[in-house]
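The values are calculated or read from the model by the stated rules, or taken from the named source; none is laboratory data. Here the structure is a predicted model, which means the values were calculated and not measured. No Cβ is skipped: glycine too gets one built from the backbone with ideal geometry, and neighbour counts run over all protein chains shown. Keep in mind that these areas ignore ligands, DNA and RNA; they rest on the heavy atoms of the full protein, side chains included. Shrake-Rupley method; radii C 1.70, N 1.55, O 1.52, S 1.80 Å.
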Amino acid sequence: MLAWTKVRDEADGFDLVEHPVPLPGPGEVLVRTRATSICGTDLHIWAWDEWSRANVPLGTITGHETSGEVAMIGEGVDGLTVGDLIAVECHLADWSCPRCEEGNAHVCEDGSIFGVHQHGAFAPWFVVPAVNARPVPLGLDPALASVQDPLGNAIHTLTGGPIEGATVAVHGLGPIGLFAVNAAKAMGANKVIAVDWDNRFRMDMAADLGADLVLGKDDDVVERILEATEGRGVDNACEFSGSPAALNNAIRSTRMGGFVNVLSVYGHQMTQVPMNEVVFRYLHLKGINGRRMWSTWDTMHGLLERGAIDVSRVVTHTLPVSEFKAGMALAGSGECGKVVLTFPAW
Ligand SMILES: NC(=O)c1ccc[n+]([C@@H]2O[C@H](COP(=O)([O-])OP(=O)(O)OC[C@H]3O[C@@H](n4cnc5c(N)ncnc54)[C@H](O)[C@@H]3O)[C@@H](O)[C@H]2O)c1
Ligand SMILES: [Zn+2]
Ligand SMILES: [Zn+2]
């Protein structure tokens, strides 16, 4: 098979390279890829920043947000059948360490990431542990099914605090922030305040998705959020921008005893945080990683099955996988929601 592979120690550095079709080992399934969406992580690997150079071995087929059909079942696998449409949970766990045993397999002490540390899904075929192949809610289009990883990130972040009847602020309107606006409304938030810096395209998308107030760089974000919440601040602030300024705004515009949930990864290890605000205002400041396995997936499937979330409103571009490099450029430009690469059906 021909697969997009990180082959050179430089920015871009991807080629279409011939690999053998992998075979499923015990407990694994072989999947025929239908769609793989482009994540911010893929853009980091494309840019070949310090983190990517330390984590992604040259020769890796990347791509981790994916859906496809089960094509072959390894020894000892129950509950999946050839032809099932599945989406991948990219956090691979050992299911035996103390974190897995306490129900936190998303932060397994011996975990790795499909499509980052090992071969992934910018390829027509891939192998994953059967438990990571999650059957897709009936009727969901494969291109839309591939985005459950970032949609699940958004839902996991939101569920770090109250949602139903609550005021929610979403800081950073990349694909994950846009999913969060959509999900917060679907989960019954009383008011959703969406904040970006200067990305007009995404701010307009947030308004279309039902955000009650959309703010940007020309606004005093903290003041405007306080005004919109009777001077209290929001119940639940979610940070998806990766900007320390946004994290500071989030902390300063959350109510006493409120919740600040941070999915973002910051470019600088030592991001400044107004810690006394966190302490004296009794904030719950929480880091979020991945998706809970499997309660985030269950919540997400419930929302998708009820039609409460319409993923197609955030997926702005669908390109054939042959357009991989154009897809990367588009995702990097920011003039988009989610960009999905599709593979031919059988
Ligand atoms: N922890 C995890 O498991 C996990 C998983 C996936 C992604 N992430 C992180 O989540 C974040 C969101 O990912 P994405 O792909 O949706 O993001 P993205 O980079 O596509 O979008 C970020 C958005 O934030 C906006 N922004 C910049 N400065 C801002 C500011 N001061 N205030 C408000 N908005 C501002 C940008 O204009 C942009 O639209 C990233 O930091 C990513 O690395 C974490
Ligand atoms: Zn991702
Ligand atoms: Zn573990």
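Place a +1 charge on the Cβ of each Lys and Arg in region 1-69 and a -1 charge on the Cβ of each Asp and Glu, then give the dipole magnitude about the Cα centre in debye, rounded to the nearest 20. Numbers along the way, then the final one.
Values: 5 positive and 11 negative charges, 40 e Å.
Here region 1-69 has a charge dipole of around 200 debye.
Could you check how much of the accessible area of the chain is carbon and sulfur, as a whole percent, using a 1.4 Å probe? Don't skip to the answer; put the middle values down first.
Values: 7570 of 14610 Å².
It is 52 percent, rounded to a whole number.
Roughly how many nanometres apart are two label points built 7 Å out from the Cα toward the Cβ at Met275 and Met1?
So the label points at Met275 and Met1 sit 4.8 nm apart.
Can you give me the convex hull volume of the Cα atoms of region 154-287, divided per residue and expressed in Å³?
On the way: hull volume 12.1 nm³, N = 134.
Cα-based convex hull of region 154-287, divided per residue, equals 90 Å³.
Starting from the residue with the highest accessible area, list Thr36, Thr342 in decreasing order, probe 1.4 Å. Could you put the intermediate results ahead of the total?
On the way: Thr36 0, Thr342 40 Å².
If we order Thr36, Thr342 from most to least accessible, we get Thr342, Thr36.
What is the distance in Å between the Cα centroid of region 88-102 and that of region 104-135?
Region 88-102 and region 104-135 have Cα centres spaced 11 Å from each other.
Separation of region 299-346 and region 223-291 by C-alpha centroid, Å?
Cα centroid of region 299-346 versus Cα centroid of region 223-291: 28 Å apart.
Starting from the Cα-Cα distance between Glu335 and Glu102, subtract it from 0.36 nm times their residue separation and give me the gain in nm to one decimal. Can you show the working numbers first?
Details: separation 233, 0.36 × 233 = 83.88 nm, distance 4.09 nm.
This chain segment gains 79.8 nm when fully extended.
Take each of the peptides 301-307, 274-280, average the number of other beta-carbon atoms within 10 Å over its residues, and list them starting from the highest.
On the way: 301-307: 15.1, 274-280: 11.3.
Top of the packing list down: 301-307, 274-280.
How high is the relative contact order of region 205-339? Use alpha-carbon pairs under 8 Å, at least six apart in sequence, and give a whole percent. List each step's numbers first, then the result.
Working: 143 pairs, mean separation 21.7, N = 135.
RCO, region 205-339: 16 percent.
I'd like to compare 110-123, 15-28: which one has the highest average count of other Cβ atoms within 10 Å, and what's the full order after that? All intermediate terms of the calculation are to be shown ahead of the outcome.
Working: 110-123: 21.6, 15-28: 13.9.
The peptides rank, most packed first, as 110-123, 15-28.
Would you check the accessible area of Val221, probe 1.4 Å, heavy atoms only, in square angstrom rounded to 10?
Accessible area of Val221: about 10 Å².
Please give the FRET efficiency for Glu230 paired with Asp298, using the beta carbon to beta carbon distance and R0 = 30 Å, rounded to the nearest 0.05.
Details: r = 34 Å, r/R0 = 1.15.
For Glu230 and Asp298, the calculated efficiency is 0.30.
Using bins 5 angstrom wide from zero, how does P(r) for region 23-137 break down, in % of all Cα pairs?
Calculated P(r), rounded to whole percents: 2, 13, 21, 22, 20, 14, 7, 2, 0.
With an 8 Å Cα cut-off and a minimum separation of 6 or more residues, compute the relative contact order for region 147-284 in percent. Each step should come with its number before you reach the end.
Working: 287 pairs, mean separation 33.1, N = 138.
For region 147-284, the relative contact order is 24 percent.
Run through region 76-154 and list the GluC sites (Glu not before Pro) located in a DSSP loop whose Cβ has at most 10 other Cβ atoms within 10 Å. Don't skip to the end; give the middle numbers.
Numbers: sites: Glu89, Glu101, Glu102, Glu109; in loops: Glu89, Glu102, Glu109.
Hits after loop and neighbour filter: Glu102.
For Ser322 and Tyr282, what does the FRET efficiency come to when R0 = 51 Å and r is the distance between their Cβ atoms, rounded to the nearest 0.05?
Numbers: r = 53 Å, r/R0 = 1.05.
The formula returns an efficiency of 0.45 here.
How about Lys286: which lysines have a C-alpha closer than 30 Å to its C-alpha, ignoring those fewer than 8 places off in the same chain?
Output for Lys286: Lys185, Lys191, Lys217, Lys338.
Compute the accessible area per residue over region 154-287, keeping the other protein chains in place, probe 1.4 Å, unit Å².
For region 154-287, the per-residue accessible area is 44 Å².
Taking Cα atoms, how many degrees apart are the long axis of helix 324-333 and the longest axis of the chain, rounded to 10 and kept between 0 and 90?
That works out to roughly 10 degrees.
Using the alpha carbon gyration tensor of the chain, what are the three equivalent-ellipsoid semi-axes (square root of 5 times each eigenvalue), largest first, in whole Å? Write out the running numbers ahead of the final one.
Numbers: eigenvalues 229, 89, 77 Å².
With the √(5λ) rule applied to the chain, the semi-axes are 34, 21, 20 Å.
Compute the relative contact order of the chain as a whole-number percentage, counting only Cα pairs closer than 8 Å that sit 6 or more residues apart in sequence.
Numbers: 798 pairs, mean separation 58.6, N = 346.
With pairs under 8 Å counted, the relative contact order is 17 percent.
Using a 1.4 Å probe and counting only protein heavy atoms, arrange Tyr282, Tyr266 so the residue with the most accessible area comes first.
Details: Tyr282 160, Tyr266 45 Å².
Correct descending sequence by accessible area is Tyr282, Tyr266.
For Glu10, tell me the accessible area in Å² from a 1.4 Å probe, rounded to the nearest 10.
80 Å²
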